[in-house]
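S.K.: Here you go, one structure.
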Amino acid sequence: MRTPLVAGNWKMYKLIADAVDTVTALKPLVADAEGVEIVVCPTFTALYATGQALAGSNIALGAQNCYPKDFGAFTGEISPQMLLDAGCTWTIIGHSERRQYFKEDDAFLNEKLRYALAQGLKVMFCIGETLDERQTGAMNAVLERQISKGLAGLSAADFAGVAIAYEPVWAIGTGITATPEQAEEAHEFVRGLLRARFGQAIAEAVRIQYGGSVKPDNAAELIAKPNVDGFLVGGASLKADSFAAIVNAAR
Ligand code: 13P
């Protein structure tokens, strides 16, 4: 059995006080949530304070991005080691907003992924097709490319620290959620890609989260699908009560 992984991606929202208030409200709402792993991913400036507020809770701290070096003359970047120092155990890599707005390509994302894992961070690695790619029938080829290039060079041991987040770009922030059937079809396809490349044991163990307009009222039907192993939640993770409802739907 794969333990569901439910993470909140706060994107570029929340000042420090708001981040701390949100997790302070969230903690009691999910304190007895067993059988589910919970992560919140604030913006960099709020990481340390949020981590302090989470101390002793069942909620882990994650970042949204990192750069594949320890230290150096890389103005504006932040390293996995710095994220660990701030209290993170997870980071997101490869979000479609990074791919689209910051032109991060498969090779660079693969470098980040391998670097972060080598430093001891766990990674939610995002993949997903655009609406145009879906409508033109390119979806499977896109997912295959993102998996084969993105996960290239990973060892079996590396997969202990990897979750895949399937986030169809057309469902992100649009209010249009993939139907449970669409999500399951994509997740099953991705698991098949993992099986073909990395073998049955890894394919069965790796969690595949769904992301894209997940809300308290659609979480239960999505998580009921056999290959949906949790969520990466944007907008609905910004409020403690709606994120807690999604966590509780996944337990
Ligand atoms: P929404 O839940 O706001 O659609 O965002 C999804 C997402 O991008 C999570 O990483």
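S.K.: Within a 10 angstrom radius of the beta carbon, how do 125, 108 rank from fewest other beta carbons to most? Kindly include the intermediate steps, with their values, before the conclusion.
M.R.: Working: 125 26, 108 18.
Placing the least packed residue first, the sequence is 108, 125.
S.K.: Right, another one. Classify the range 84-235 from the C-alpha gyration tensor, please: rounded if a/c falls under 1.5, else prolate or oblate depending on whether a/b exceeds b/c.
M.R.: Working: a/c = 1.34, a/b = 1.31, b/c = 1.03.
Rounded, because the longest to shortest axis ratio a/c is under 1.5.
S.K.: Dimensions of the range 1-59 along principal axes (Cα, Å, largest first)?
M.R.: 36, 20, 15
S.K.: Using a Cα distance threshold of under 23 Å, what count of lysine pairs results for the chain when pairs must be 8 or more residues apart or interchain?
M.R.: Pairs that pass both the separation and distance tests number 25.
S.K.: Further question on the same structure: Distance between the C-alpha centers of the range 166-221 and the range 8-69? Whole Å please.
M.R.: Centre-to-centre (Cα) distance: 23 Å.
S.K.: Further question: Note the per residue figure in Å³ for the convex hull of the C-alpha positions in the range 54-162. Intermediate values should be presented prior to the final figure.
M.R.: On the way: hull volume 13.3 nm³, N = 109.
Expressed per residue, the convex hull around the Cα atoms of the range 54-162 is 122 Å³.
S.K.: Which of the three applies to the range 194-239, rounded, prolate or oblate, going by the alpha-carbon gyration tensor with a ≥ b ≥ c and a/c under 1.5 meaning rounded?
M.R.: Values: a/c = 3.90, a/b = 2.32, b/c = 1.69.
Prolate is the answer for the range 194-239, as a/c is 1.5 or above and a/b outweighs b/c.
S.K.: Dipole of the range 11-105, Cα-centred, from +1 at each Lys and Arg C-beta and -1 at each Asp and Glu C-beta, to the nearest 20 debye? Can you show the working numbers first?
M.R.: On the way: 7 positive and 11 negative charges, 49 e Å.
Charge dipole, the range 11-105, about its Cα centre: 240 debye, nearest 20.
S.K.: Let me ask another. Taking neighbour Cβ counts within 10 Å as the exposure measure, how do 83, 194 sort from fewest upward?
M.R.: With the sparsest Cβ surroundings first, the list reads 194, 83.
S.K.: Also, I was wondering about something else. Counting only C-alpha contacts under 8 Å and six or more residues apart, can you give the relative contact order of the chain as a whole percent?
M.R.: Values: 492 pairs, mean separation 55.8, N = 251.
Once divided by the residue count of the chain, the mean separation gives 22 percent.
S.K.: Rounded, prolate or oblate: which one fits the range 17-107, using the alpha carbon gyration tensor with axes a ≥ b ≥ c (rounded when a/c is under 1.5, else prolate when a/b beats b/c, else oblate)?
M.R.: prolate
S.K.: Kirkwood Rh and Cα-based Rg: tell me the resulting Rg over Rh for the range 54-111, rounded to two decimals. Let's see the in-between values first.
M.R.: Details: Rg = 12.7 Å, Rh = 12.5 Å.
Rg/Rh: 1.01.
S.K.: Treat every Asp and Glu Cβ in the chain as -1 and every Lys and Arg Cβ as +1, leave all other atoms uncharged, and give the resulting dipole magnitude about the Cα centre to the nearest 20 debye. It would help to have the intermediate numbers written out before the result.
M.R.: Details: 22 positive and 28 negative charges, 64 e Å.
In debye, rounded to 20, the chain gives about 300.
S.K.: Going by C-beta contacts inside 10 Å, put 223, 93 in order with the fewest on the left.
M.R.: Values: 223 22, 93 29.
So the residues, fewest neighbours to most, are 223, 93.
S.K.: Explain nothing, just the number: dipole magnitude of the range 139-225 about its Cα centre with +1 on each Lys and Arg Cβ and -1 on each Asp and Glu Cβ, in debye rounded to the nearest 20. Intermediate values should be presented prior to the final figure.
M.R.: Details: 8 positive and 10 negative charges, 63 e Å.
Value, rounded to 20: 300 debye.
S.K.: Within 10 Å, count the other beta carbons around each residue, average over each peptide in 24-33, 50-59, and list them highest first.
M.R.: Working: 24-33: 15.5, 50-59: 17.2.
Those peptides, ordered most packed to least, come out 50-59, 24-33.
Every read-out reported here was derived from the displayed coordinates using simple, explicitly stated rules and does not represent laboratory data. The model shown is predicted, which means the values in this text are computed figures rather than measured ones. Methodologically, a virtual Cβ is constructed for each residue, glycine included, from the backbone with ideal geometry; neighbour enumeration extends over all protein chains shown.
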